[in-house]
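Student: Let me give you the structure first, and then I'll get to my questions.
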Amino acid sequence: MNHQFDLIVVGAGSGGYAAARTARELGASVALVDRGPLGGLCILRGCMPSKTLIATGDLAHEIRNAAELGVHAGAPAVDPDTEYLLWQTLVGAWLARALVPRRPSAASEDPGR
């Protein structure tokens with residue numbers, strides 16, 4: 001199988017994805033390759049999961065201290081299963097947007113292909 005592309009982007013993290021998508025929107029035929037899953041470290045294990053946990057922690061802190069502002073609420077309880085489902089939903093939404101083709105292109109999670 002022989003393919004020709006105007007641009008081959010190595011690395012399917014958020015930066016590689018942004019470069020590939022921009023090039024594709026400018027009319028280039030693009031191949032995006034990565035040996036790991038689409039999304040990279042930031043989306044799958046770094047930024048998005050961390051920000052989800054930080055936002056949850058911030059909210060729990062605000063609820064614990066709400067009485068200072070005259071708001072009385074019970075002690076917050078964080079459900080790790082729900083937290084994980086939220087993270088999966090956010091990542092899934094990002095991947096769904098990432099995989100919507102706007103122009104003909106190729107994507108591979110195997111750099112050998």
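Student: It is to be established whether one or more residues within segment 38-52 are over 30 Å from E83 (Cβ atoms) and either without any contact (Cβ under 8 Å) to a residue 40 or more places away in the chain or touching a Ser or Thr at 6+ places or on another chain (Cβ under 9 Å) (or both).
Tutor: There is no residue in segment 38-52 that is over 30 Å from E83 (Cβ atoms) and either without any contact (Cβ under 8 Å) to a residue 40 or more places away in the chain or touching a Ser or Thr at 6+ places or on another chain (Cβ under 9 Å) (or both).
Student: Let me ask something else about it. Tell me, which helices (runs of 4 or more DSSP H) wholly within segment 1-104 include 3 or more residues that are surrounded by 12 or more Cβ atoms within 10 Å (Cβ to Cβ) and among the charged types (D, E, K, R)? First the steps, then the outcome.
Tutor: Values: elements: 14-25, 40-44, 47-64, 80-98.
Ranges flagged: 47-64.
Student: Among all residue pairs at least 6 apart or on different chains, which show Cβ distances below 9 Å where the first residue, located in segment 4-18, is in contact (Cβ under 8 Å) with a residue 24 or more places away in the chain and the second is among the charged types (D, E, K, R) and surrounded by fewer than 14 Cβ atoms within 10 Å (Cβ to Cβ)?
Tutor: Close Cβ pairs satisfying both conditions: A12/E109.
Student: Among the candidates R21, R103, R97, R45, single out the residue that is at pLDDT 85 or above and either in contact with a helix residue (DSSP H, G or I) (Cβ under 7 Å, 6 or more places away or on another chain) or basic (K, R) (or both).
Tutor: Exactly one of R21, R103, R97, R45 is at pLDDT 85 or above and either in contact with a helix residue (DSSP H, G or I) (Cβ under 7 Å, 6 or more places away or on another chain) or basic (K, R) (or both), namely R21.
The values are calculated or read from the model by the stated rules, or taken from the named source; none is laboratory data. Quick caveat: nothing in here was measured; it's all calculated off a predicted structure. Here Cβ is always computed from backbone atoms with ideal geometry, including for glycine, and neighbour counts include all displayed protein chains.
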